[in-house]
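The block underneath contains the structure these notes are about, expressed in structure tokens.
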Amino acid sequence: MVKPVRIVLLGEAEKEFKRLNEIVGNQLKSGRENSQEIQLLKSIRQKFDFIKNNPFYGDPIAKKLIPEEYKIKYRAVNLFRTELSQFWRMIYILKGDEIEIVAFILDILPHPDYDKKFGYRKQ
């Protein structure tokens, strides 16, 4: 039997997702059918579906590269990243039990912020 996968947005990811939904909602009301924000939101929702079908969809991040912030705040021992449109990234961890797997989305961020957070570029 395959365990169901649930998506839960936390912290900065939840804020960014809500902000993006609000922007896209306003754009759609004004008749806009395509924008960078609309594409990004579609990309995020697509990745949610991919993760629900395969929680290990994202690229695993080496344990030595996991930022202390994630280790302390979320007790992250496994961290995954997935690429989104326009060079954005989504970061998530997996937790599970006998009943289900939960993918906790920790961050949805543009590539320069991702580079800073993971120490690829000096701040």
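The residues listed here are Ile99, Ile72, Ile23; of these, the one that is surrounded by fewer than 17 Cβ atoms within 10 Å (Cβ to Cβ), modelled with pLDDT under 95, assigned to a helix (DSSP H, G or I) and of a type in the set (A, V, I, L, M) is Ile72. Listed conditions (1) at pLDDT 95 or above; (2) touching an Asp or Glu at 6+ places or on another chain (Cβ under 6 Å) are all met by Pro4, apart from (1). Of Ile99, Ile51, Ile91, Ile61, all but one fail to be touching a strand residue (DSSP E or B) at 6+ places or on another chain (Cβ under 8 Å), closer than 30 Å to Val2 by Cα and touching a residue at least 60 places away in the same chain (Cβ under 8 Å); the exception is Ile91.
The values are calculated or read from the model by the stated rules, or taken from the named source; none is laboratory data. The shown structure was predicted, so the numbers you read here are calculated from the model rather than taken from an experiment. Reconstructed Cβ throughout: ideal geometry from the backbone, glycine too, with neighbour counts over all protein chains shown.
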